[in-house]
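Since the structure comes first, as structure tokens, the remarks are kept for the end.
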Amino acid sequence: MSSGTALQPAPSRLVRLLAYAAIYFLWGASFLAIRVLVARVPPLLAAGVRFLTAGVILFLWSAMRGDPLPKLREWRSGVLLGVGMFACNYGPLFWAEQRVASGIAAIISALIPVWIAAFEWTRTGSGMPRRLIAGTACGLAGVAALSLTPAQLSGARIEMFPLAALLFGTIAWAVGTIWSQHLPLPRAKPMAASIQMMWGGIALCAVSIAAGDLQRFDPGALTARVWVSMIYLIFGASIVAFTAYVWLLGHEPPTRVASYAYVNPVVAVLLGWVLGGEKLSIQIILAMLLVLVGVMAVVGQRRMA
């Protein structure tokens, strides 16, 4: 995502550090919160409620501060991006976290900047730079390390279908990110994000209801941990972290802001290990290192371009 405006001086170093801390740690911790949530709530229903609620709150806040309401064509763009990005990325992510550790989900999700860079170079028609080729290769090698390492070396067998679902989600988000640059959206970034979240949440809830999740959902499963996780995902990961992200794009180089992609997996893996009881195997560490090297190579390439 691009801010579309010239960079402005940051008001203070403290505010800048707090904004980076938000996108590093609030987004990084969201993967463990998702795992806690989907252990008790149907995944598509949980994702739908998260984004519908966050979208409505962000929409009302943006409107109250005076941002113009979306035009009809901007609402159409919100539908397309909400379904194509939020529903098609977070639906598979929530579903997959029933079957894979939160740290693994974060490692796969870190590939999004790699896909964005690769797709952008494909559209230019020019040859792919070596640095980008190496970054993409490292990212794919990280996925292979997760999926192909024998169980006796990793301590657990990681299912291929959840990995494929996670990969599909990252590709959908990358395609949607590039697509969003050519669609009319509200100039106010919180308003633009809110309509995408709302439509993504509506789509996820509709699919969940059609699949019969309401009949299978047990309200008695809503423990204190589940409530805390949902509140955290709505306010911390969706509203606060996104607002910090938009603010940083207006004050910092986009390539520096993109560093969240190689901090989030480290935060998620460590939190999953310390708080979630997830295994920290050689397989996972190797995959994380390969993906992070790939992301750093891509970010470095985009900085030089």
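The values are calculated or read from the model by the stated rules, or taken from the named source; none is laboratory data. From a predicted model like this one, the values you see are computed outputs, not experimental measurements. Glycine gets a Cβ as well: all are built from the backbone with ideal geometry, and neighbour counts include every protein chain shown. Accessible surface is based on the protein model in full, side chains and every heavy atom, while ligands, DNA and RNA are left aside. Shrake-Rupley method; radii C 1.70, N 1.55, O 1.52, S 1.80 Å.
Exactly one residue among VAL56, VAL114 is over 22 Å from PHE168 (Cβ atoms) and of a type in the set (A, V, I, L, M), and that residue is VAL56. ALA137 passes every criterion in (1) at pLDDT 80 or above; (2) open to solvent by less than 50 Å² (accessible area, probe 1.4 Å) apart from (2). Scanning the range 46-96 for residues that are among the hydroxyl-bearing types (Ser, Thr, Tyr) and closer than 19 Å to LYS189 by Cα gives THR53, SER62, SER77.
Criterion applied to PRO190, PRO186 was being open to solvent by less than 20 Å² (accessible area, probe 1.4 Å), more than 28 Å from LEU146 (Cβ to Cβ), in contact with a helix residue (DSSP H, G or I) (Cβ under 8 Å, 6 or more places away or on another chain) and not in a helix (DSSP H, G or I), and the one residue passing it is PRO186.
Taken over the range 37-49, the criterion of being of a type in the set (A, V, I, L, M) and either in contact with an Asp or Glu (Cβ under 8 Å, 6 or more places away or on another chain) or open to solvent by less than 20 Å² (accessible area, probe 1.4 Å) (or both) is satisfied by LEU37, VAL38, VAL41, LEU44, LEU45, ALA46, ALA47. Residues that are closer than 22 Å to ASN264 by Cβ and out of contact with any Lys or Arg (no Cβ under 9 Å at 6 or more places or on another chain) number at least 2 in the following helices (runs of 4 or more DSSP H) confined to the range 43-107: 43-64, 88-96. For the range 158-178, the set of residues classified as among the small types (Gly, Ala, Ser) and touching a residue at least 24 places away in the same chain (Cβ under 8 Å) consists of ALA165, GLY169, ALA172, ALA174, GLY176, listed by residue number.
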